[in-house]
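Engineer: I have a structure I would like to understand better, so I am pasting it below and will then ask my questions one at a time.
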Amino acid sequence: MADRHPAVVLGNSTPGRDAEFNSWHPNAHSPQVGPVPGLVRAHRYRMSDLRYDERVRARPYQYLTP
């Protein structure tokens, strides 16, 4: 069996260009990386602004792609 390695990407959109980024990601970027050998699947999540404790600093990234 081949080795398996997870990839995790954290990222942000450019301020004021969130809608453009959210259109680009599934329509341009995903089709580009889809054919990469060994890539099984990809998901993208928007991180929550909620914090369970105010002592915890705000999240530095908007998006998580595990």
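The values are calculated or read from the model by the stated rules, or taken from the named source; none is laboratory data. Fair warning: this is a prediction, and the values are worked out from it, not measured in the lab. Counting neighbours? That spans all protein chains shown, and the Cβs are built from the backbone with ideal geometry, glycine included.
Engineer: Only residues that are acidic (D, E) and at positive phi: list them for region 1-51, please. Let's see the steps before the verdict.
Structural biologist: Keep residues of region 1-51 that are acidic (D, E), which gives 3, 18, 20, 49.
Those that are acidic (D, E) and at positive phi: none in region 1-51.
Engineer: Ok, one more. In region 32-47, which residues are within 14 Å of T65 (Cα to Cα) and either hydrophobic (A, V, I, L, M, F, W, C) or loosely packed, with under 10 Cβ neighbours inside 10 Å (or both)?
Structural biologist: V33, L39, V40, R41, A42, H43, M47, listed by residue number.
Engineer: Please state which of the following conditions T14 fails to meet, knowing it meets all the rest: (1) touching a helix residue (DSSP H, G or I) at 6+ places or on another chain (Cβ under 8 Å); (2) touching a residue at least 24 places away in the same chain (Cβ under 8 Å); (3) among the polar types (S, T, N, Q).
Structural biologist: The failed condition is (2).
Engineer: What residue, among those in region 1-44 that are among the hydrophobic types (A, V, I, L, M, F, W, C), out of contact with any Leu (no Cβ under 8 Å at 6 or more places or on another chain) and outside any helix (DSSP H, G or I), is farthest from Y63 (Cα to Cα)?
Structural biologist: Per the stated criteria, the residue is M1.
Engineer: A42 passes all but one of (1) at pLDDT 85 or above; (2) touching a strand residue (DSSP E or B) at 6+ places or on another chain (Cβ under 8 Å); which number fails?
Structural biologist: (1)
Engineer: Identify the residue in region 1-31 that is modelled with pLDDT of 90 or more and over 20 Å from P66 (Cα atoms) and, among all such residues, is farthest from the chain's Cα centre (by Cα).
Structural biologist: The qualifying residue farthest from the chain's Cα centre (by Cα) is G16.
Engineer: Of the conditions (1) touching a residue at least 24 places away in the same chain (Cβ under 8 Å); (2) part of a loop (DSSP other than H, G, I, E, B), R59 fails just one. Which one is it?
Structural biologist: With (1) touching a residue at least 24 places away in the same chain (Cβ under 8 Å); (2) part of a loop (DSSP other than H, G, I, E, B) applied to R59, the lone miss is (1).
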